[in-house]
1. Within the set of pairs 6 or more residues apart or between chains, which connect a residue that is in the same structural domain as residue 337 (by TED's automatic domain parsing) and in contact (Cβ under 8 Å) with a residue 12 or more places away in the chain inside region 299-319 to a residue that is assigned to a helix (DSSP H, G or I) and of a type in the set (Gly, Ala, Ser) with Cβ atoms less than 7 Å apart?
2. Step by step: first the residues of region 344-383, then only those that are of a type in the set (Val, Ile, Thr) and closer than 16 Å to residue 290 by Cα, then the one that is surrounded by the most Cβ atoms within 10 Å (Cβ to Cβ). Which residue is that?
3. Quick one: which of 640, 649, 592 is in contact (Cβ under 8 Å) with a residue 24 or more places away in the chain and touching a helix residue (DSSP H, G or I) at 6+ places or on another chain (Cβ under 7 Å)?
4. Return the only residue of 259, 244 being surrounded by fewer than 19 Cβ atoms within 10 Å (Cβ to Cβ), in contact with a helix residue (DSSP H, G or I) (Cβ under 8 Å, 6 or more places away or on another chain) and either outside any helix (DSSP H, G or I) or touching a residue at least 40 places away in the same chain (Cβ under 8 Å) (or both).
5. Applying the selection to region 406-463, what residues are assigned to a helix (DSSP H, G or I) and of a type in the set (Gly, Ala, Ser)?
6. Residues being closer than 30 Å to residue 368 by Cα and either crowded, with 18+ Cβ neighbours inside 10 Å or of a type outside the set (S, T, N, Q) (or both): count how many of those fall in region 165-213.
7. For region 268-275, indicate whether the set of residues that are within 13 Å of residue 300 (Cα to Cα) and not aromatic (Phe, Trp, Tyr) is non-empty.
Amino acid sequence: MAVPSADRKRRPFLLSLSLFLLLSALLVLLVLFLDSSAQSLPFLPSRPSRLSAPSPYLPHQQHSPTPVPTPGGSPDSQPNGPAAAAAKSDVKADASRPNAPAAVAGGSGTSTPSRTADDSSHPAAVDADATAIDAAGVNGGEAEDDGAVAEVRWETCKVRRGVSATDYIPCLDNIRAIKALRSRRHMEHRERHCPAPPPRCLVRMPAGYRLPVPWPRSRDMIWYNNVPHPKLVEYKKDQNWVTKSGDYLVFPGGGTQFKDGVARYIQFVEQIMPTIQWGTHTRTVLDVGCGVASFGGYLLDRNVITMSLAPKDEHEAQIQFALERGIPAFLGVIGTQKLPFPDNAFDVVHCARCRVHWYANGGKPLLELNRVLRPGGFFVWSATPVYRKEQRDQDDWNAMVTLTKSMCWRTVVKSEDINGIGVVIYQKPTSNSCYLERKTNEPHLCSKKDGSRFPWYAPLDSCILPSAVSSSDETSNSPLLWPERLIRYASVPDDSATIEKFDADTKYWKQVISEVYYNDFPVNWSSVRNVMDMNAGYGGFAAALVDKPLWVMNVVPIGQSDTLPVIFSRGLIGVYHDWCESFNTYPRTYDVLHMSDLLGSLTKRCDILEVAAEIDRILRPGRWLVLKDTMDMIKKMRPVLRSLHYETVIVKRQFLVGKKTFWRPRR
């Protein structure tokens with residue numbers, strides 16, 4: 001059919017118009033693509049970038065956001081209003097300090113390749129500018145992240161001769177203060193001597209450091225490069241403490257007193273003293289002079305949690321060995337000051353050749369054990385005075401007999417195993433009746449005249465702690481059996497808690513850990529062996545984790561409510577501590593540090609950089625800090641963590657999770 005002439009005349013015009021419109025549309029799209037402001041348009045997807053890319057450390061986000069329960073009566077929680085907002089930031093260090101801040105952006109440190117999820121033998125080091133992958137939040141987290149990094153010039157710690165740069169503990173390695181001591185007779189040089197002001201430096205890592213061997217294999221073997229101390233291997237080679245095998249340090253489970261192995265020794269103690277009932281009647285143990293902590297490590301199989309205690313001394317790194325193995329341990333010494341534990345705390349105290357002269361200094365060391373041992377608790381002592389007949393051993397034994405009788409300790413059993421190793425077990429009285437019937441009042445019963453009962457930097461008692469009850473019925477002073485005691489409130493002397501606060505704290509942490517910590521945090525809980533709860537309250541956080549294959553060191557900070565007796569009554573362990581000072585542990589010894597509602601009050605007394613440096617010292621590379629606090633506190637801590645090259649994420653406007661990398665300053 002013929003095309004009308006009018007249409008033929010319009011065809012070139014329509015063709016030209018269509019081509020013009022097509023070219024115009026393409027030009028507009030090109031301009032929009034090149035213009036960064038186009039990302040704000042709703043019909044265009046944002047361009048991919050490192051900031052918006054999913055991080056491999058973030059949890060799966062398919063599930064719906066979980067509501068966070070309201071805590072009910074958590075002790076001494078920080079306010080969410082003006083008081084918390086007014087807490088000082090202190091992000092910049094004092095210019096007069098050796099670690100004064102300077103502008104730092106990105107990174108100035110070394111880096112190594114990232115490791116795959118199943119490669120536990122190589123460092124999980126990340127790129128120096130790893131903070132670029134920080135997520136703004138998870139499931140309702142913050143969206144206004146400005147990417148701020150605190151301007152801090154971090155440096156590695158400069159230590160004095162005789163101190164390992166990779167094992168630096170500020171309050172135990174203060175060489176200047178130690179040299180100024182007038183006496184070392186009572187182990188004063190092994191006690192705390194904290195530098196002032198606290199250091200703001202970072203501890204070096206040993207060459208070849210790796211992520212620890214996972215539990216339970218770590219009980220029997222650890223990476224040698226993580227704790228490269230061969231002295232004990234040679235010094236104790238005939239006693240099966242520790243041996244070196246290739247890249248590993250191996251712990252056969254032997255010891256000076258454990259001729260047939262520590263497992264047989266534990267069984268022997270229960271055979272001669274059936275009422276000790278490991279794991280039910282006995283839940284908490286203090287092992288004094290613990291060596292490499294094999295006793296506490298094997299008691300974990302019996303559902304017993306042991307605070308393994310030893311000083312930082314010539315037995316090189318024994319507590320560091322213990323913590324690397326995944327066994328609860330703490331650096332401490334019975335010298336001139338009380339241990340940082342509450343009165344009547346432990347079910348059992350144990351000493352196997354611990355080299356403590358219990359009757360020295362007027363018997364103060366044994367009186368300190370009496371203080372921390374609960375009424376009706378047992379002292380298990382295995383040492384040469386128990387079974388050897390040499391004159392020196394007999395003199396020591398006779399001195400112990402006199403002292404224990406004056407303290408009303410009852411000798412329950414004295415026996416020897418098939419190897420001739422002797423054990424004696426004493427029991428502390430459950431009431432004051434024996435004390436009142438003594439012919440001489442020596443040692444005297446403690447009273448208000450003897451000073452405060454609080455043990456932080458307090459001198460050792462020369463008196464006996466009286467029982468809080470007058471009844472001689474042992475059951476009135478015995479704790480509930482484990483695990484019932486974990487969830488049952490038991491009143492302790494001078495306790496300001498109530499059953500309502502206790503139950504509310506327990507319920508809150510059980511819910512929030514189940515619904516938020518396990519689901520919404522970028523934390524691989526299966527790789528966590530130990531946790532430090534830096535503000536433990538009533539121990540509800542630790543109680544909620546009890547079914548996991550991990551243990552919690554509960555810390556009750558100085559200045560907070562004294563809830564540590566309640567924690568011990570639950571069958572958990574912990575210590576008192578001032579977080580403006582360094583903690584008695586080696587570097588790189590904890591998988592998770594948990595700080596709940598503490599930073600506001602803490603930064604009113606010390607600088608946030610000092611707190612961050614101590615957190616970094618304790619935390620293992622590739623592991624996590626969890627901060628629960630107000631957004632004001634989170635916004636102050638996050639830039640500091642970024643200056644340390646931590647990967648950070650904010651969850652539900654209440655939690656800041658920071659993952660430590662392998663970054664260290666070059667100088």
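1. Correct list of pairs: 306/296; 308/296; 308/322.
2. If we take residues in region 344-383 being of a type in the set (Val, Ile, Thr) and closer than 16 Å to residue 290 by Cα, then 349 is surrounded by the most Cβ atoms within 10 Å (Cβ to Cβ).
3. One residue alone meets the criteria, 640.
4. 244
5. 406, 433
6. So the answer is 30.
7. No, there is no match, as no residue in region 268-275 is within 13 Å of residue 300 (Cα to Cα) and not aromatic (Phe, Trp, Tyr).
One line per residue, one yes/no per condition, for (1) hydroxyl-bearing (Ser, Thr, Tyr); (2) out of contact with any strand residue (DSSP E or B) (no Cβ under 6 Å at 6 or more places or on another chain):
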| site | (1), (2) |
| --- | --- |
| 528 | no, no |
| 533 | no, no |
| 537 | no, yes |
| 544 | no, yes |
| 548 | no, yes |
| 558 | no, yes |
| 561 | yes, yes |
| 564 | no, no |
| 573 | no, no |
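The values are calculated or read from the model by the stated rules, or taken from the named source; none is laboratory data. As the structure is a prediction and not an experimental result, all values here were calculated from the model. All Cβ positions, even for glycine, are placed from backbone atoms using ideal geometry, and neighbour counts span all protein chains on display.
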